[in-house]
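Some notes on the structure that comes next.
The values are calculated or read from the model by the stated rules, or taken from the named source; none is laboratory data. None of the values given here were measured: they were computed from a predicted structure. Don't worry about glycine lacking a Cβ; one is built from the backbone with ideal geometry, like all the others, and counts go over all protein chains shown. Areas reflect the complete protein model, heavy atoms only, side chains present, ligands, DNA and RNA absent. Shrake-Rupley method; radii C 1.70, N 1.55, O 1.52, S 1.80 Å.
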Amino acid sequence: MAPDINPLVILFASIFTGNILLTNFLGMCSFISISKDMKSANGLGLAVTVVLTITTAINWAMMRYILIPLDLMVYRYIVFIIVIAATVQMLEMIIDRVSPALYMSLGIFLPLITVNCAILGVALFMQIRNYDFFQTLAFGFGSGLGWWLAILALAAIQKKVARAPVPAGLKGPGITLITIGFMALAFVGFSGMLNVQ
Amino acid sequence: MNNDTPAAILKRNLWTDNPIFVQILGICSTLAVTNNLTNTLIMTLAVTIVTGLSSTTVSLIKGLIPRKVRMIVQTLIIAFYVILVDIVLRAYIPEISKALGPYVGLIITNCIIMGRAEAFAQSNPPVMALWDGLTSGVGYMAVLVIIATIRELLGAGTLMGYQVLGDGFTTWTIMVMPPSAFFLLGSFIWAAKSIMIKKEAS
């Protein structure tokens, strides 16, 4: 039932050729508002990667062992979103208890992540593409890394853009979107390497 | 509660406070389907309906929800309407539902819906909340339909699947690829903002 693709290939494909942000437009809201400085971009990227890896794995298990046997796939949206919200809440509490330093750098980004479309998007893609457990793990982790890479690159470019003479109407979101467009164009260059759906 | 008239809300949601080019909200779930006009129309219509109905529901039960859990309650209300929309799409237009794939489900995390529930429906009566949700959806639809029209026309020479440009037309491959959506939306925001700046100056 699962497609015959090596999980490592899925990992690389989800970072480069099928970057969740640049080819599927997922996770744009927090991407545009947070990408102004490198430090928060890094924190948010790390948080997204951690949450994405964990929730996609849990959602896979929920789907495989609860939703499919009980024939409740109609309710998958609600189940997925509850799993994501609950995981984020628990992570927040655990990190707060274990490492206050990490909480200071990561904690403020966690609530933002519940409404990040990339998290739910990866869960839905994983379901549509019928991945098995290890493929799912690679897909979740790779998508997180890809998102992290994209937001870091954008934050770095934004630093240069901030000093460039941009027309008044284009300032802010306009130029950010056009910059993302160029990044997406650069990533299209990777698509000749692998093609995994 | 406040003196917003229906006409003022309409103007605000369509132009001065447009969800896309002023608030930059909710583009994640829909930008991906803008390479095809039919899909974009169905998708934005779904977003409009879900925004309207969930705003109404949030407004109706706003007195019953404790403040602390309101986010999760709002998410569940939105998820409920998205499931309804998904079932209707799958029953009546299965091919389009298949083409939209995971993006219908992603309406749940569309920031506009949560944004309207939080910013407007929480503190306004149900009828106004419905109107606000619907007009926000229309403002959102207008921008994306323009982008989809350009992308499908130049990328495939068709509109809603019908051949519009003649056989001699060379299709622009970039228009069907993801980067063009970013470029078009960026340019659209540029144009809209320039007009607004000019208006303010005069």
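Residues in region B:1-21 that are open to solvent by less than 60 Å² (accessible area, probe 1.4 Å) and within 25 Å of A:Gly181 (Cα to Cα): B:Asp17, B:Asn18, B:Pro19, B:Ile20, B:Phe21. Within region A:150-188, take every residue that is away from chain B (no Cβ under 11 Å) and free of Cβ contacts under 8 Å to residues at least 24 places away in the same chain and give me the one that is farthest from the chain's Cα centre (by Cα). Applying the filter and picking the extreme gives A:Pro165. Of all residues in region B:151-178, those that are away from every other protein chain (no Cβ under 14 Å) and either part of a helix (DSSP H, G or I) or over 28 Å from B:Trp15 (Cβ atoms) (or both) total 18.
Take B:Met114 and decide whether it is of a type outside the set (S, T, N, Q), within 14 Å of chain A (Cβ to nearest Cβ) and open to solvent by less than 40 Å² (accessible area, probe 1.4 Å). So B:Met114 passes the test.
Screening the candidates B:Glu95, B:Glu118 for the property of being under 21 Å from A:Cys29 (Cα atoms) and acidic (Asp, Glu) yields one hit, B:Glu118. Look at (1) of a type outside the set (Phe, Trp, Tyr); (2) surrounded by fewer than 20 Cβ atoms within 10 Å (Cβ to Cβ); (3) modelled with pLDDT under 90 and you find that B:Ile93 fails only one, number (3). Whether any residue in region A:117-124 is open to solvent by 30 Å² or more (accessible area, probe 1.4 Å), within 23 Å of A:Thr56 (Cβ to Cβ) and modelled with pLDDT of 90 or more is what I want to check. Within region A:117-124, none of the residues are open to solvent by 30 Å² or more (accessible area, probe 1.4 Å), within 23 Å of A:Thr56 (Cβ to Cβ) and modelled with pLDDT of 90 or more.
On the basis of being in contact with a helix residue (DSSP H, G or I) (Cβ under 8 Å, 6 or more places away or on another chain), of a type in the set (A, V, I, L, M, F, W, C) and away from every other protein chain (no Cβ under 14 Å), does B:Leu37 make the cut? In short, yes.
Please tell me if B:Gly101 is in contact with a Pro (Cβ under 8 Å, 6 or more places away or on another chain), open to solvent by less than 30 Å² (accessible area, probe 1.4 Å) and within 14 Å of another protein chain (Cβ to nearest Cβ). No: the conditions fail for B:Gly101. For region B:125-151, the candidate set comprises residues that are open to solvent by less than 10 Å² (accessible area, probe 1.4 Å) and not small (Gly, Ala, Ser); within that set, the residue that is nearest to A:Thr114 (Cα to Cα) is B:Tyr140.
Is there a residue in region A:66-87 that is outside any helix (DSSP H, G or I) and small (Gly, Ala, Ser)? No; the residues of region A:66-87 include none that is outside any helix (DSSP H, G or I) and small (Gly, Ala, Ser). Of the candidates B:Ala191, B:Ala181, B:Ala129, the single residue that is aliphatic (A, V, I, L, M) and away from every other protein chain (no Cβ under 14 Å) is B:Ala129.
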